[in-house]
Every structure is written in C-alpha cells, then in structure tokens.
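Note sheet for the following structure.
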Amino acid sequence: MGTPDAFQRLWTPHRMAYIQGENKPSGPGADDGCPFCSIPAKSDEDGLIVQRGEHVYAVLNLYPYNGGHLMVVPYRHVADYTDLTDKETVELAELTKQAMRALRSASGAHGFNLGMNQGAVAGAGIAAHLHQHVVPRWGGDTNFLPVIGHTKVLPQLLADTRKMLAEAWPA
C-alpha cells in the first residue's frame, strides 16, 4: 500500500466512472447514447428527475459539484442555446427560477452558480445536448479539499436529495 506519509485520504471511487466516460454519448446524435434523451423515459426516482415541464425538465447531476446540483435540460436533443425555440427558452428560464426557490426552501442555499458550457472546448461534458447547471452555494462551502485534493464531500445521497427537492418544488 505504499510508503506511509502524513496524508489522510478521502476515497471517492464513484468519480472514476465519470473520469472514464460513463454515461457519455458515443457521438453527437440523440441515438448515440445521450443520457439526457434517455432520462425522461425513466421514473422520476430512477432518473433523478425533480420536476418535469412541457419542454424541459430538472434533474440532479450524477456527478455533482455540490449537494443539490441540478441541471435544467430540454427534452429535445439540441446542442446550442440559439437553437432553442422561444417556448423552450422561456420554460428553461422558469424552471431555473423554480429550482433556485426549491433549493433555498429545502437547503437554505445562500447563492448559486448558474451556467451552460456551450461546446466541448468550453467545458461541456455532454456538448451535444444543452443543459443549464444550477449549483447551490453556501457561505463557507469551499475548503481545501476541492482546491488541493480535487475532492468534494457530499453529505447526502442523490435519492434523498431528489426527494427533498421534489417536495420543496414550488407549485
């Protein structure tokens, strides 16, 4: 097991699946294994869907930056924000606002990081299907682990987070 040293280790083996490409599409098409196209066919619990709209849905991120990290995703397989219809754009904005309200109500979030990475060069892990991140933040939620250890401690299981947010979602 190596030479003993002064470092404590926090193992996060679930991250290796993401690093190795789990749930990433094999190509740019909707039929190329796009998880955002297959998630809506699952139950809310199995797909980690928190809310369904007519044109978009809100889903927990399987590989979250913070507890409660949601994504708002159009049902339609579209890569670029400028390709959204007006109805998709409006509903994406509305579900983002609802997500923020639910996260404030359920977890007392102090702030949020909102954003889309448009294209692989901009950091999109799944560039072929647009998705907006809604990442809750709290005062003092950053520490040495993400900076030094590239590790994030998440205090709640995704299924429990999904249930909590679904119950707190504004009517």
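Points worth noting:
- The residues of region 42-83 present an accessible area of 43 Å² per residue when probed at 1.4 Å with all protein chains retained.
- Theoretical FRET efficiency, 1/(1+(r/R0)^6), r = Cβ-Cβ of ALA168 and LYS87, R0 41 Å, to 0.05: 0.95
- Of ASP83, ASP31, the residue with the largest accessible area leads and the full order is ASP31, ASP83 (1.4 Å probe).
The values are calculated or read from the model by the stated rules, or taken from the named source; none is laboratory data. Please read all numbers here as calculations on a predicted model, not as lab measurements. Every residue, glycine among them, receives a Cβ derived from its backbone with ideal geometry; neighbour counts consider all protein chains shown. Accessible surface is based on the protein model in full, side chains and every heavy atom, while ligands, DNA and RNA are left aside. Shrake-Rupley method; radii C 1.70, N 1.55, O 1.52, S 1.80 Å.
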